[in-house]
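The values are calculated or read from the model by the stated rules, or taken from the named source; none is laboratory data. Note that this is a predicted model, so its numbers are computed, not measured. Because the Cβ atoms are built from the backbone with ideal geometry, glycine has one as well, and the counts that use them run over all protein chains shown. Accessible surface is based on the protein model in full, side chains and every heavy atom, while ligands, DNA and RNA are left aside. Shrake-Rupley method; radii C 1.70, N 1.55, O 1.52, S 1.80 Å.
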Amino acid sequence: MLAVILTSSVSSAETSPRGELEDFFGRVTAVLSVATNAKQARDDVRSLARALFDGPGAARRALGSDWDLRTAAEREEFTRMFTGVVEQAYLEIVQSRLPRDRPPAIRIVGEEPIAERGTVIRTEVQGRYGSDMQLDYLMTRSGKGWLIRDIVIDGISLVENYRAQFARILRTSSYADLALRLRTVVGAGTRGPIAAPPSFDVIVAYFDTSRAELSPAARRDLDRAATWLATNAHARVLVEGHADQRGDAQPNQALAERRASSIRDYLVTQGVDDDRITTVTYAVPRPVCQEALETCWVQNRRAVVRVTR
């Protein structure tokens, strides 16, 4: 079970992102095969996992612009708590869907570059009722190795999901309230007042520079969203179009509108009624990453699909 839901590796030589994951699966198998204490084995695997997860980077993206308002001590605490919350949510989601009567079979089915220093490793695991579960690992080069910056489970981004929840809390309350909620979750070892992602809540589609065409990965995620929407007729979706922070505002907003429209049009072709879909763009850019780097710009060239009920 832990071999599926946690990923990490420690390597002294330069490696590929796929090699990192395959190496980790082997390390976990070795740990579990000789384990005599379940808790100790779980702790050992988590130690390996945390070495590969980019906790500071993921925490910064999840907190958004409020990150810049935090002190060094607050950032350190938030990173630690957020890493723990992601770990707990990941365990809960995946364990609830994996078979209990046999070891899960992991298949690495693809590797797709998403930026100059970024890659998505796509894996499949047979679920409890026979259907495959899709686990995508968004990885970024770091020195000679690779770090996981986000995990997408059946089209749902963990980091983006929490970013949306945190933004609502900050908008209606305060950072102190958000920190208190996180301390409660981490301290109790339960989900608590910060919810794990449901079957479909947030989908993020990424686009090439100056383009609005959907990638195969985006179409796959939207197919799942359309299937879910077909069985949840009360649900509505909001599609936010975004461009990166380069260039003039007016062309960027037009590009963001085309990206949102491409999402809407695709969902309509998959049977979702047009009146259940609202598209929006913003006069002021809303980048999720601020640095003047391609690894940041690729995160900002996006459309976000949110369930609004």
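The table below gives the values:
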read-out: Residues of segment 280-309 classified as in contact with a strand residue (DSSP E or B) (Cβ under 8 Å, 6 or more places away or on another chain), surrounded by fewer than 18 Cβ atoms within 10 Å (Cβ to Cβ) and polar (S, T, N, Q), total; value: 2
read-out: Per-region count, segment 249-264, residues in contact with a Pro (Cβ under 9 Å, 6 or more places away or on another chain) and surrounded by fewer than 16 Cβ atoms within 10 Å (Cβ to Cβ); value: 1
read-out: Residue count for segment 260-287, restricted to those that are over 18 Å from T227 (Cβ atoms), among the β-branched types (V, I, T) and in contact with a helix residue (DSSP H, G or I) (Cβ under 6 Å, 6 or more places away or on another chain); value: 2
read-out: Scan of segment 216-265 for residues that are among the hydrophobic types (A, V, I, L, M, F, W, C), over 15 Å from V304 (Cα atoms) and more than 19 Å from the chain's Cα centre (by Cα), ordered by number; value: L229, A230, A233, A235, A249, A254
read-out: Close pairs (7 angstrom Cβ cut-off, 6 or more residues apart or separate chains): more than 20 Å from E111 (Cβ to Cβ) and at pLDDT 75 or above in segment 125-136, of a type in the set (D, E, K, R) and open to solvent by 20 Å² or more (accessible area, probe 1.4 Å) anywhere; value: Q126/D132
read-out: Exclusive hit being in a strand (DSSP E or B) and either at pLDDT below 90 or closer than 20 Å to P113 by Cα (or both), set A195, A205; value: A205
read-out: Subset of segment 41-89 [free of Cβ contacts under 8 Å to residues at least 24 places away in the same chain and small (G, A, S)]; value: S47, S65, A72, A73
read-out: Criterion violated by T227 - all others in (1) over 24 Å from C289 (Cβ atoms); (2) among the hydroxyl-bearing types (S, T, Y); (3) crowded, with 17+ Cβ neighbours inside 10 Å satisfied; value: (3)
